[in-house]
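Q: Take a look at this one; I'll ask things after.
The values are calculated or read from the model by the stated rules, or taken from the named source; none is laboratory data. Computed from a predicted model, the values in this text were never measured in an experiment. Methodologically, a virtual Cβ is constructed for each residue, glycine included, from the backbone with ideal geometry; neighbour enumeration extends over all protein chains shown.
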Amino acid sequence: MLSIKNIHAAIEGKQILNGINLEIKPGEVHAIMGPNGSGKSTLALVLAGREEYEITQGMVTFSGKDLLEMSPEDRAREGLFIAFQYPVEIPGVSTTNFIKTAVNEKRKYHGQEALDAVAFLKLMKEKMALVNMDQSLLSRSINEGFSGGEKKRNEIFQMAMLEPKLAILDETDSGLDIDALRVVAKGVNELRHKDRAILIITHYQRLLDYLQPDFVHVLYNGRIVRSGGKELALELEEKGYDFIKDEIGLTAGVQAGIN
Amino acid sequence: MKEELNTLEQTVLNDYKYGFVTDIDTDIVPKGINETLIRLIWAKKNEPDWMLDWRLKAYTQWQKMEEPKWPNVTYPAINYQDIIYYAAPKQKGQLKGLDELDPELRRTFEKLGISLDEQKRLSGVAVDVVMDSVSVATSFKKQLSEIGVIFCSMSEAIQQHPELVKKYLGSVVPMTDNYFAALNAAVFTDGSFCFIPKSVRCPMELSTYFRINAENSGQFERTLIIAEDDSYVSYLEGCTAPMRDENQLHAAVVELVALSKAEIKYSTVQNWYPGDKEGHGGIYNFVTKRGICIGEHSKISWTQVETGSAITWKYPSVILKGDGSIGEFYSIALTNNHQQADTGTKMIHLGKNTKSRIVSKGISAGYSNNSYRGLVRAGKGATNARNYSQCDSLLLGDKCGANTFPYIEVKNTTAVVEHEATTSKIGEDQLFYCKQRGIDTETAVALIVNGFAKEVMNQLPMEFAVEAQKLLAINLEGSVG
Ligand SMILES: Nc1ncnc2c1ncn2[C@@H]1O[C@H](COP(=O)(O)OP(=O)(O)OP(=O)(O)O)[C@@H](O)[C@H]1O
Ligand SMILES: [Mg+2]
């Protein structure tokens, strides 16, 4: 579904991603962990098509198409969804109207007719129940004045509404209370499907306990330096990133020696 | 990389659909302003003597006045001797009916979306069309006159209804009110006149479409609307001009008079040529609009959608003289590229229990500068006066500016004045968020702007609202790529 090959990316002349390789197949759940500033959000934004990042090397295919050639909106319409670490506020646009536009833009792209008011309302009701979304948030300007947790929940709600092929959740668990975390996990689990993949960026074990990822990767200095099963997350939780840093220090040294 | 892809700052060719020039024989007077010119205009219009006195008095006053410097706009000095003050499309004598209108003029207005064909008008909008210095046609005049409504050009009103004109002309905006009003009083050439008699609810929307066509000319028109006791009228105004590299001056005066329990609703969609994206050319729109609620429980409501003009300087105001009268001002002012707008309103509460409401939505994009300037005054006698003002600014990108200058003067302790203001910014982050949800830039901007402007749009008559919404989108195209 998603194939990332040797991606290098820079912003304002600063190299952030230094050769990322990652394969994600339909039905899989992957987790990416890594210290602050290692490039996790950058990877998500590069995949989403944020223009400020310069891709200096590498390629990405998504459902057989060259992802990097597509506009950000087309990537979304093709089924890529990012639950942002910092969802932005858009004054004057109600959450309902925003999501309705998003849903219908995607339908238009796939040659489907726009949902009428009744069908849309029905879909909303169904997905609201899924993530315990508070009705009153829907008539407010999107994310404006939402609490941190409400913003995150709204991201998951949008994900549920848009039914993406690949969802990238960037620290959706940060800032959530225990109940909200459970709700988000439930929402994500409901979305699990053999044709769908999920990539979770997180610092904590809690969400992974609920979601049981198939793979865990460690990102460090813009590179995936370790990959493993879900037990890798437990190991990180226990030991911190130092043991990995030590390992890479060693590896880097060896590589330097070879070169 | 960042620079070339910053979509909010990306510029595309300015797409002003109304920028064409009509090739028509025009009667033009030499450039410049002096007493001879004023006599010439007076003679051309075949006006009574009192009009000449009035014009000359205004001219004398104007010469002693100075161009206002307080607006938050900058432009090179205007050379008033370099303007053509009278330019009129040549027509064969007095038209007996609309079907005698020059086909070229008819085509021009059809191209602008204004049909003069009465049969074809479904929506029941009567229209007076003004090209350069003169009114060239007015539709539905006959039908309206049957119920006592007078709707005609200002020139015709001066001829046919001198007693009304004499009574009300300059009664709301005195000739010495300000520099541009004085200039207008001296040289105005035409405009629209509406009179709604007692207890008549005008059955159709009345409208004037202003078009500047001739080069180097200025447009100076006056509109006067009088609503007698218990009457109602909704009036619309639209305007466009060709694309030219030189600036052109438009200095109009609009006066509204609402008698006891009368209501006047005045809507404007202003789309004068704004200049190109570097800021060359465009109309200087320096306009004085004011209404007076003379009678008790009368109401005047201004709604404006200002998207055009290089510079807009205008403050549609209401003098609330009658007890229990109501004044409203709903405004959307959009500036893009290098446009500048300094616009707002004045609500002057004189009578008891008078109410006013101000809703101003400023949208700035590109390198533009958008200021709201408003005055709410409650006089000594304005017991229990109420005002509510809300001024919201939306900034698209980070090179544009928005300012709010609210002035409040309250001389009666029972008066209550409320003012709220917000500023929101739409930047790359918001646009990217939309794109990540499959919403492209254009749709995103339309979504944001329409959401922002909704409260004012809702005040416009249906037909106009659709048009105005399209205009907002078109005028922002340059800012969002
Ligand atoms: N616009 C920018 N200009 C300069 N540096 C940037 C910019 N955006 C990101 N960076 C840098 O890129 C690096 C990676 O940032 P990124 O947000 O991807 O980290 P992260 O792994 O998501 O961290 P966290 O766990 O704190 O969310 C950081 O050092 C950050 O400062
Ligand atoms: Mg991050």
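Q: On the given criteria, is A:GLU171 away from ligand 2 (no atom under 16 Å from the Cβ), more than 23 Å from A:TYR109 (Cβ to Cβ) and in contact (Cβ under 8 Å) with a residue 60 or more places away in the chain?
A: Judged against the criteria, A:GLU171 is not a match.
Q: Follow-up question, since we're still on this one. Picking from A:GLU163, A:GLU155, which residue would you name as being at positive phi and either hydrophobic (A, V, I, L, M, F, W, C) or modelled with pLDDT of 90 or more (or both)?
A: A:GLU163
Q: From the set of residues in region B:160-183 that are free of Cβ contacts under 8 Å to residues at least 40 places away in the same chain and out of contact with any Phe, Trp or Tyr (no Cβ under 8 Å at 6 or more places or on another chain), which is surrounded by the fewest Cβ atoms within 10 Å (Cβ to Cβ)?
A: B:GLU163
Q: Name the single residue that is farthest from ligand 1 (Cβ to nearest atom) among those in region A:45-61 being touching a Ser or Thr at 6+ places or on another chain (Cβ under 8 Å) and touching a residue at least 24 places away in the same chain (Cβ under 8 Å).
A: Checking each candidate, the answer is A:THR61.
Q: In region A:12-24, is there at least one residue being away from ligand 1 (no atom under 16 Å from the Cβ) and closer than 30 Å to A:GLY149 by Cα?
A: Yes, because at least one residue in region A:12-24 is away from ligand 1 (no atom under 16 Å from the Cβ) and closer than 30 Å to A:GLY149 by Cα.
Q: Please pick out the residue among A:ALA10, A:ALA48 that is among the small types (Gly, Ala, Ser) and touching a helix residue (DSSP H, G or I) at 6+ places or on another chain (Cβ under 8 Å).
A: Every option except A:ALA48 fails the conditions.
So that you can scan it fast, the table gives a plain yes or no per residue for (1) of a type outside the set (Val, Ile, Thr); (2) assigned to a strand (DSSP E or B); (3) over 20 Å from the mean Cα position of the chain (by Cα):
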| position | (1), (2), (3) |
| --- | --- |
| B:LYS167 | yes, no, yes |
| B:ASP177 | yes, no, no |
| B:ALA181 | yes, no, no |
| B:PRO203 | yes, no, yes |
| B:LEU206 | yes, yes, no |
| B:TYR209 | yes, yes, no |
| B:GLU237 | yes, yes, no |
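Okay, residues lined up against (1) modelled with pLDDT under 85; (2) loosely packed, with under 12 Cβ neighbours inside 10 Å:
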| residue | (1), (2) |
| --- | --- |
| A:GLY228 | no, no |
| A:GLU231 | no, yes |
| A:LYS239 | yes, yes |
| A:GLY253 | yes, yes |
| A:ILE258 | yes, yes |
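Q: Listed residues B:ILE439, B:ILE408; which is more than 23 Å from the chain's Cα centre (by Cα) and within 13 Å of another protein chain (Cβ to nearest Cβ)?
A: Of B:ILE439, B:ILE408, the one residue that is more than 23 Å from the chain's Cα centre (by Cα) and within 13 Å of another protein chain (Cβ to nearest Cβ) is B:ILE439.
Q: Out of (1) in contact with a helix residue (DSSP H, G or I) (Cβ under 9 Å, 6 or more places away or on another chain); (2) of a type outside the set (S, T, N, Q); (3) surrounded by 23 or more Cβ atoms within 10 Å (Cβ to Cβ), the odd one out for B:ASP132 is which?
A: (1)
Q: Give me the pairs, please: first residue somewhere in region B:445-456 and facing chain A (nearest Cβ under 9 Å) and modelled with pLDDT of 85 or more, second residue anywhere and in a helix (DSSP H, G or I) and surrounded by 24 or more Cβ atoms within 10 Å (Cβ to Cβ), beta-carbon distance under 8 Å, and either six or more positions apart or on two chains.
A: Hits for this filter: B:LEU447/A:PHE98; B:LEU447/B:CYS434.
Q: A further question follows. Considering only region A:183-233, state which residues are within 16 Å of ligand 2 (Cβ to nearest atom) and either aromatic (Phe, Trp, Tyr) or free of Cβ contacts under 8 Å to residues at least 24 places away in the same chain (or both).
A: Answer for region A:183-233, where residues must be within 16 Å of ligand 2 (Cβ to nearest atom) and either aromatic (Phe, Trp, Tyr) or free of Cβ contacts under 8 Å to residues at least 24 places away in the same chain (or both): A:TYR204, A:TYR220.
Q: Okay, moving on. Of everything in region B:411-436, what is more than 14 Å from chain A (Cβ to nearest Cβ) and among the small types (Gly, Ala, Ser)? Give them in sequence order.
A: B:ALA415 - this is the single residue of region B:411-436 that is more than 14 Å from chain A (Cβ to nearest Cβ) and among the small types (Gly, Ala, Ser).
Q: Continuing with this model, one more query. Anything in region A:33-44 that is out of contact with any Gly (no Cβ under 9 Å at 6 or more places or on another chain), at pLDDT 95 or above and more than 6 Å from ligand 1 (Cβ to nearest atom)? List them, or say none.
A: Selection gives A:ALA44 alone.
Q: Let me ask something else. Which fully enclosed helices (runs of 4 or more DSSP H) of region A:1-109 have 3 or more residues being surrounded by 22 or more Cβ atoms within 10 Å (Cβ to Cβ), within 16 Å of ligand 2 (Cβ to nearest atom) and more than 11 Å from chain B (Cβ to nearest Cβ)?
A: A:40-48
Q: Something else: Of the residues B:GLY275, B:GLY279, B:GLY295, which is more than 14 Å from the chain's Cα centre (by Cα), part of a loop (DSSP other than H, G, I, E, B) and crowded, with 24+ Cβ neighbours inside 10 Å?
A: B:GLY275
Q: Output the residues belonging to region B:392-405 that are touching a residue at least 40 places away in the same chain (Cβ under 8 Å) and within 14 Å of chain A (Cβ to nearest Cβ).
A: B:ASP392, B:LEU394, B:LEU396, B:ALA402
Q: Hey, B:SER301 hits all of (1) farther than 23 Å from B:ASN184 by Cβ; (2) crowded, with 24+ Cβ neighbours inside 10 Å; (3) of a type in the set (Ser, Thr, Tyr) but one; which does it fall short on?
A: In the conditions (1) farther than 23 Å from B:ASN184 by Cβ; (2) crowded, with 24+ Cβ neighbours inside 10 Å; (3) of a type in the set (Ser, Thr, Tyr), B:SER301 misses (2) alone.
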